[in-house]
């Protein structure tokens with residue numbers, strides 16, 4: 001399975017098109033926060049931008065932290081979230097070491113599902129879907145050691 | 001926040017309280033320009049001075065803000081210190097989306113704080129904090145402090161003023177998110193007179209989208225048009241500075257206080273040169289994938305050892321024309337250095353550059369001397385202009401305070417009105433001909449963006465007064481409609497009336513979509529009514545002699561045609577504004 005990466009954030013112009021696309025297409029919201037990818041300045045607008053998004057941990061600390069099983073490990077990294085099981089405790093967000101989970105005012109979590117729908121909206125090609133490291137290392141291994 | 005009414009936060013600084021107010025009228029005034037006029041009618045006083053604490057400072061967005069690409073601008077309305085009449089100024093940055101996600105159609109600020117404050121608003125908070133310790137600080141350091149003091153990093157907009165706004169100069173702008181501005185007509189002074197050093201708007205709410213596929217499909221369609229066609233290439237690539245070389249070739253670029261309309265040294269400051277030599281990176285307003293903000297850099301050695309600092313400076317056609325061509329400065333980095341100084345002072349770059357160009361010619365003519373200007377102004381001397389900018393921003397003496405009130409004000413005192421390059425306010429960077437001189441002189445915002453007079457000049461050779469004025473009026477109406485949505489005017493070719501109606505329909509604003517023709521007339525009318533009621537006399541506007549002496553690719557300005565255009569346009573404005 002592929003994962004979303006943000007390898008060229010130095011090109012980012014801060015348009016928020018990715019966040020808005022995620023909120024719009026994945027979550028049915030108009031928002032720049034209720035999204036699996038959020039764009040922040042790195043200390044004022046003169047210092048460029050950074051993306052807050054899931055780094056596809058495996059094992060994912062948010063899965064371990066989730067007390068109700070709403071979060072489960074996604075194959076290839078990241079998580080699958082069943083919102084009907086979520087009790088809005090916020091433990092997932094607190095467990096995430098890179099602030100990739102956004103909680104809205106009701107405590108509902110928003111996290112990247114690695115669907116890649118934000119990617120085509122980036123005008124500077126900052127984002128990329130790649131094979132997860134486990135899969136790619138397996139592929140590489142086949143090539144090097146046939 | 002698709003709603004059939006308006007939701008505004010009205011903050012009374014004197015009482016240190018805010019109130020959420022709701023207003024009917026969505027189907028009539030839409031938002032943005034229309035809403036700002038509506039709110040000024042409600043909270044403003046056309047018969048009182050701009051300095052009256054009761055006067056409102058209004059920020060308004062529109063029904064399409066955030067829902068579609070390039071719907072990314074905010075309209076700021078106030079009674080202007082420049083002419084003491086109703087005025088608008090527009091800016092982008094994160095301001096529009098921050099207001100949207102603060103769940104506000106408008107922010108209205110009345111009253112006066114007893115000490116300098118920063119107003120922080122969001123969907124769930126209102127905070128008025130004392131920031132007396134920031135008074136006197138420039139725009140950059142103020143921004144740095146406010147970033148630390150208030151929450152919402154990355155999803156907020158920080159508006160602030162510099163020393164120019166604090167002293168109430170009519171050329172003071174409001175800085176928006178470092179690289180954008182409510183630049184013209186003195187909005188910065190309105191903040192200053194209310195003791196507002198900064199405004200932080202946090203966008204911390206979210207909204208449901210319309211059900212069904214229509215909206216999503218339409219969004220994609222608009223997005224594709226903007227990003228997969230050449231329609232926006234000009235703004236994306238070189239940006240508006242591409243105009244510098246083009247206008248210079250046409251002999252339509254105001255140079256050296258408009259003593260020339262081209263400059264043989266122009267290559268040093270063309271869009272191409274800026275892009276190749278000074279461009280560091282691009283940036284975008286939130287909700288716009290174009291990235292038209294071009295950031296150049298200034299690198300300065302401050303010690304005999306190799307010690308440098310650097311600064312990022314946004315540039316566009318207008319700042320380059322005003323601080324480059326108009327001042328005879330034809331080196332890109334030198335131009336950026338002047339712009340950087342203007343940014344720190346919180347001045348409007350066009351006004352400051354054009355005013356200093358007049359002051360330089362007035363010095364050459366012996367009307368004023370170092371006694372007034374403190375430094376010896378000379379065309380081409382960027383170092384001296386940087387010092388002059390500080391004097392202007394700080395209101396260093398009577399001369400600079402008079403100049404800050406407007407070039408014609410200063411000329412009224414010292415002489416030299418014939419060569420004051422003022423078209424309602426300090427001119428924009430187009431010496432294209434009679435339609436533009438008329439459009440900016442009389443236009444609502446005295447902006448090159450009020451209507452496409454500069455474009456009309458380039459496309460029409462025939463001197464047909466009726467046709468030209470009809471164009472200006474109709475184009476102004478179309479643009480007032482766009483700035484009520486609130487669209488960036490760079491997207492005007494995408495957001496045709498048909499497209500606008502589709503976008504509005506997809507969000508359920510069917511009554512607006514069905515009545516665009518009537519609505520745009522009403523908005524135009526409402527704005528002119530307020531302007532006229534606050535003292536505007538379009539027939540009294542004087543176009544300085546310098547403009548009638550100009551020669552560009554079309555030949556010398558036709559004084560009779562210009563006069564006829566001006567008279568006809570003034571008549572139209574009065575008729576429109578008088579309609580009940």
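Where a number appears in this text, it was derived from the coordinates with a stated rule and is not lab data. Computed from a predicted model, the values in this text were never measured in an experiment. Positions of Cβ are backbone-derived with ideal geometry, glycine not excepted, and every protein chain shown enters the neighbour counts.
List of remarks:
- On the beta carbon distance between residue B:549 and residue B:383, with R0 = 41 Å, the FRET formula returns roughly 0.85.
- Gain upon complete extension [residue B:149, residue B:249; 0.36 nm per residue less C-alpha separation]: 31.1 nm
- Cubic angstrom per residue, convex hull over Cα atoms of the protein assembly as shown: 172 Å³
- The equivalent ellipsoid that matches the C-alpha gyration tensor of chain B spans semi-axes of 33, 28, 24 angstrom, in descending order.
- Classified by the C-alpha gyration tensor, the range A:4-146 has an oblate form. Its axis ratio a/c, with a ≥ b ≥ c, is 1.5 or above, and a/b does not exceed b/c.
- Distance between the range A:63-91 and the range B:251-276 - C-alpha centres, whole angstrom: 60 Å
- Available extension along the chain between residue B:364 and residue B:398 is 10.3 nm, counting 0.36 nm per residue and deducting the alpha carbon span.
- Across peptide B:91-101, the average count of Cβ atoms from other chains found within 10 Å of a residue's Cβ is 2.
- Put simply, when B:255-268, B:537-550 are sorted by average Cβ atoms within 10 angstrom per residue, most first, you get B:255-268, B:537-550.
- Per-residue ellipticity at 222 nm from helix content only, as computed over chain A with -39500 (n - 2.57) for each DSSP H run of at least four residues, stands at -5500 deg cm²/dmol.
- Kirkwood analysis of the Cα pair distances in the range B:232-392 returns a hydrodynamic radius of 16.0 Å.
- Packing-based order for B:7-15, B:162-170, using average beta carbon neighbours within 10 Å, highest first: B:162-170, B:7-15
- Considering only alpha-carbon pairs that sit under 8 angstrom and 6 or more positions apart, the relative contact order computed for chain B is 16 percent.
- DSSP bridge pairs, the protein assembly as shown: antiparallel proportion in percent, nearest 5: 90 percent
- Computed over the range B:6-202, relative contact order equals 22 percent, with contacts defined as Cα pairs under 8 Å that lie 6+ residues apart.
- Within chain B, percent of DSSP bridges classed antiparallel, to nearest 5: 85 percent
- The distance linking the range B:8-46 with the range B:459-512 is 24 Å (Cα centroid to Cα centroid, whole angstrom).
- Cα→Cβ-extended label distance, 7 Å offset, between residue B:560 and residue B:214, nm: 5.6 nm
- Residue-averaged beta-carbon neighbours from other chains (10 angstrom radius) around A:29-41: 6
- Taking each residue as 0.36 nm, the span from residue B:49 to residue B:23 lengthens on full extension beyond its C-alpha to C-alpha distance by 6.8 nm.
- Highest-first arrangement of B:16-24, B:416-424, where packing means the average Cβ count within 10 Å: B:416-424, B:16-24
- Relative to the globular-protein estimate of 2.2 N^0.38 Å, the Cα radius of gyration of the range B:6-202 stands at 0.91.
- Only helices enter this figure: runs of n ≥ 4 DSSP H residues, each worth -39500 (n - 2.57), summed and divided by the residues of chain B, yield -11500 deg cm²/dmol at 222 nm to the nearest 500.
- Across peptide B:145-154, the mean count of Cβ atoms from other chains lying within 10 Å of each residue's own Cβ comes to 3.
- Contact order normalised by residue count of the range B:217-318, Cα under 8 Å, 6+ apart, percent: 24 percent
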